[in-house]
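What follows is a set of notes on a single structure, which appears directly below.
Each value in this text was obtained by applying a stated rule to the coordinates, not by laboratory testing. None of these values were measured; they are calculated from a predicted model. For neighbour counting, all protein chains shown are included, and Cβ atoms are generated from backbone atoms with ideal geometry for every residue, glycine included.
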Amino acid sequence: MLLVSEYPHNLTIVPGSLALTCGVLMATDTTISREHFLLPWTVQEREDPVLVFERGEGVYFFDHEGKRYLDLLAQIFNCNLGHGNRHVIEAIHRQAEKACCVSPSVLTKERAEMAQALVDKTPGDLNTCFFVNSGSEADDQAFIIARMVTGRKKIMSKYRSYHGTTYGTLGVGGDPRRMAVDPGPPGTVRFFGPYCYRCDFGMTYPDCQLHCIDALERQLELENPATVAAIVVEPVTGAAGGFPLPDGYLTRLRDICDRYGILLIADEVITGFGRTGAWFGVDHEKVVPDIMVLAKGLTSGYVPMGAVVVRDHIADYFESRMLPIGSTYAAHPLACAAAQACIEEYERQNLIPHAKRMGEVLFKKLRELAEHHPRVGDVRGKGLLACLELVQGKDDPRPLVPANTDSPIPMQLRRRLWEEGLFALARASLLMLAPPLIIEEEHINEAVEKLDKVLDWVDQLSP
Ligand SMILES: Cc1ncc(COP(=O)(O)O)c(C=O)c1O
């Protein structure tokens with residue numbers, strides 16, 4: 001296996017894996033091409049053929065040749081309401097007719113109403129919102145706010161975490177994607193979070209009694225807690241590993257933050273809005289973070305939007321002091337319309353308990369599937385956020401793709417999924433699923449039946 005920097009970018013494809021029947025576009029196609037695009041998170045030439053999205057409908061979408069895909073990723077963990085939700089589309093239309101372009105420093109009735117609807121859902125005294133345009137921006141601004149309010153410089157984050165793609169967030173995230181900005185930004189300190197399948201401390205949950213949080217406290221003492229502005233965690237890590245925080249972890253973390261005057265930031269960009277079977281990931285433990293970071297499900301991806309929601313003590317800080325940040329498109333009218341309509345839809349369709357129920361169905365079936373696929377080492381996650389960790393074999397739990405190496409396998413796996421009409425995330429040794437919350441049992445059955453075939457293919461890959 002080669003290191004990332006050594007990897008030759010012309011891939012060897014496993015025979016048969018690219019005999020695609022789906023509507024993917026070869027590089028030679030002149031009508032729709034990637035020629036003028038830099039696609040994210042990829043070596044460009046590897047993306048040939050490119051999947052071309054034509055239109056979406058509920059939990060499905062169709063490519064330009066009419067092939068149907070079951071969207072097991074809600075596009076990129078965001079399309080929680082599924083494709084083509086009329087209530088959201090019509091709300092955006094209505095707002096577009098009324099006002100598309102409004103200065104971020106004035107209020108509108110819709111802005112005020114949407115902020116009210118949002119804080120009605122966020123727990124505790126998370127009562128005040130600062131709007132931005134993406135999850136990255138929201139985390140970025142949350143870090144600035146935390147530094148200002150505490151007068152401290154350090155942000156602590158987990159190894160195996162992701163908090164966005166800006167300079168200020170990519171380097172805080174702890175997975176290999178930070179390579180473009182490593183070792184920045186200054187003041188970033190990482191710690192080992194809970195990874196129960198491969199515990200960094202060689203322990204087993206729950207016998208470990210959350211040894212990892214004790215270790216974090218010891219690290220903090222050495223770091224000098226008076227220099228730490230905030231600790232940021234995802235309640236369930238998204239694409240950096242799919243790890244749920246084990247029961248009790250967040251409560252202990254809240255307690256540590258309180259004792260040392262450190263702000264707790266919950267990055268709920270993925271976990272917010274029902275993804276884990278509760279409105280927010282922190283709700284499972286009834287923990288109130290000082291800052292909650294939101295995006296994705298906030299507008300179900302229909303219009304870009306992020307939000308930093310802060311507790312009263314932080315909002316109060318800025319009553320008499322300058323808040324020296326803001327962006328042109330903050331609280332964009334179309335995004336506000338989409339967010340308001342999404343919150344109404346989550347309620348009207350009762351989607352949060354539905355996601356919990358469907359999550360139970362999904363996990364039961366994935367665990368059954370894992371039993372007869374030796375390459376599935378771990379099935380983890382929460383609600384409708386599921387991660388399969390692929391390994392060398394049942395008796396060989398080494399990752400299928402070793403850390404910090406490059407491999408054609410994730411891309412081949414993605415294409416094998418497309419062949420079956422499935423859309424999911426394959427990254428390193430992880431296969432991640434996060435379908436729209438409107439998914440029903442019949443769709444889960446379809447997904448599992450097709451995944452079974454894809455995992456047969458994984459099982460027979462040469463090591
Ligand atoms: C936990 C988490 N935080 C932040 C981000 C960044 O959000 P965005 O891609 O909207 O900038 C992501 C994106 O996937 C995420 O998963």
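Data overview
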| read-out | value |
| --- | --- |
| Distance in nm between pseudo-label sites at N445 and F53 (7 Å out along the Cβ direction from Cα) | 2.8 nm |
| The chain, helix-only ellipticity at 222 nm - DSSP H runs n ≥ 4, -39,500 (n - 2.57), divided by all residues, nearest 500 | -10000 deg cm²/dmol |
| Relative contact order, percent, segment 332-463 [alpha-carbon distance under 8 Å, six or more residues apart] | 24 percent |
| Packing-based order for 341-348, 97-104, 222-229, 270-277, using average beta carbon neighbours within 10 Å, highest first | 270-277, 341-348, 222-229, 97-104 |
| Kirkwood Rh (inverse of mean 1/r, distinct Cα pairs), segment 295-405, angstrom | 18.1 Å |
| Kirkwood hydrodynamic radius of the chain, Cα pairs, Å | 22.9 Å |
| Per-q log10 I(q)/I(0), segment 86-348, q = 0.09, 0.16 Å⁻¹ (Debye; single scatterer per alpha-carbon; no solvent) | -0.39, -1.20 |
| Computed over the chain: relative contact order in percent, which uses C-alpha pairs under 8 Å that are six or more apart | 22 percent |
| Selection of trypsin sites (Lys or Arg not before Pro), segment 354-455, meeting DSSP coil and at most 16 other Cβ within 10 Å | K394 |
| Nitroxide proxy distance, nm - points 7 Å out along Cα→Cβ at K286 and Q116 | 2.8 nm |
| Label-point gap, in nm, between N224 and S105 - each point 7 angstrom along Cα→Cβ | 3.8 nm |
| Residues T31 and T328, FRET efficiency given R0 of 22 Å [Cβ-Cβ distance, rounded to 0.05] | 0.05 |
| Proximal lysines relative to K67, as straight alpha-carbon distance under 27 Å, when same-chain residues fewer than 8 apart are discounted | K296, K365, K450, K453 |
| DSSP-defined beta bridges in the chain - what % are antiparallel, rounded to 5 | 70 percent |
| Cleavage-rule hits, GluC sites (Glu not before Pro), segment 256-334, DSSP coil, Cβ neighbours within 10 Å at most 10 | E319 |
| Ratio of Rg to Rh over segment 367-460 (Cα coordinates, Kirkwood Rh, two decimals) | 0.94 |
| Relative packing of peptides 122-130, 156-164, 212-220 - highest average C-beta neighbours within 10 Å first | 156-164, 122-130, 212-220 |
| Assigned charges on the beta-carbon of Lys, Arg, Asp, Glu; segment 86-348 dipole about Cα centre (debye) | 500 debye |
| Theoretical FRET efficiency, 1/(1+(r/R0)^6), r = Cβ-Cβ of E344 and Y167, R0 51 Å, to 0.05 | 0.90 |
